[in-house]
C-alpha cells in the first residue's frame, strides 16, 4: 500500500483537554498529513457516490483526490528531505539526480500518481477505481485511528475504546489480504483493457500500452503483484492441462507463458532494491 506522509518536525503533543473540539480539530487540520487524509476521504466518498449514481463528476473527483493524496506523499519523499541540488558539486549533483530518478521509477506512489493522471484525462473506465478505493479505505481508517480520534476526540487504546480496537483489528487482519486483492484486481483490469483494445474502444490502444507499462513496473517492485501472477499461472496451468483442451491451445499458452518469463527478465526500473521499505 502507498506510504503515509510523515512530519519533518517532531510530532506535536496532544491538544490539552481544556481546548474545545473545534480548536483541537483546527490544530490537526493545519498539517500536511490532514491534506493527505482529505485526499483519501474524497476518493472514498466519491467512489461510493459514483457506485450509486455513475456520474462523470464523481469519477473525475475520485482521481483529483488520488492526485492530491499521492502528490503530497511524493512531495515529502523526494522534494523536502534531500539537500538542494544548488549546494552540491557537479559530481554529487549528477549522482543525486540519478538517485532521485531511480527512486521515482521504483516508487509505487509515483506510479499510481502517473496512472491517476492518465485515468483522469481518458474516457471513463469504472473498474480502474477499485485499487484506489481499497487504498483509501485503509488510509482513512489508519488516520482516524492514529490521529483523528486520539488528538481531536481524546480516545486512545488506554481508554479501551471499542472503535479503536475495531479499526486496529480490521487493519491488521485485512491490510495484507487487501493488497493481494489489489494485485488480482489490477490483473483483471488489464484483461478488460486488453479486450477493450481488441474491440477498438476510443483511445483503447493508448490505454493498453500505458497500462501494460504500469503492470510491468508493478511486477518488478511489488511482491503482491508477483504473488497474483503466480496464483494466476497455477490456475491457468491446471485449466490448460485438462485433456479436453486442444493441443494448439496448449502450445499457444506455453508460448505465451515462455514469452512472459523472458519479458520479466528485462527491468524498466533498473536494478532491484536490496531491501524494500515495508509500507
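The values are calculated or read from the model by the stated rules, or taken from the named source; none is laboratory data. Note that this is a predicted model, so its numbers are computed, not measured. For neighbour counting, all protein chains shown are included, and Cβ atoms are generated from backbone atoms with ideal geometry for every residue, glycine included.
Structural remarks
A quick yes/no check of all residues on (1) out of contact with any strand residue (DSSP E or B) (no Cβ under 8 Å at 6 or more places or on another chain); (2) at pLDDT 90 or above; (3) more than 28 Å from residue 150 (Cβ to Cβ):
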| position | (1), (2), (3) |
| --- | --- |
| 3 | yes, no, no |
| 41 | yes, yes, no |
| 53 | yes, yes, yes |
| 56 | yes, yes, yes |
| 63 | yes, yes, yes |
| 66 | yes, yes, no |
| 80 | yes, no, no |
| 98 | yes, no, yes |
| 115 | yes, yes, yes |
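- Any hit, the stretch 231-241, residues being within 25 Å of residue 175 (Cα to Cα) and either free of Cβ contacts under 8 Å to residues at least 12 places away in the same chain or in contact with a strand residue (DSSP E or B) (Cβ under 7 Å, 6 or more places away or on another chain) (or both): yes
For every residue, the table says whether it meets (1) buried (at least 18 other Cβ atoms within 10 Å of the Cβ); (2) touching a residue at least 24 places away in the same chain (Cβ under 8 Å); (3) over 16 Å from residue 224 (Cβ atoms).
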position: 165; (1), (2), (3): no, no, yes
position: 175; (1), (2), (3): no, yes, no
position: 195; (1), (2), (3): no, no, yes
position: 199; (1), (2), (3): no, no, yes
position: 202; (1), (2), (3): no, yes, yes
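- When residues in the stretch 5-25 are screened for being under 28 Å from the mean Cα position of the chain (by Cα) and modelled with pLDDT of 75 or more, 1 of them pass.
- Note on the stretch 103-134: among residues that are touching a residue at least 60 places away in the same chain (Cβ under 8 Å) and closer than 16 Å to residue 219 by Cα, the one that is surrounded by the fewest Cβ atoms within 10 Å (Cβ to Cβ) is 105.
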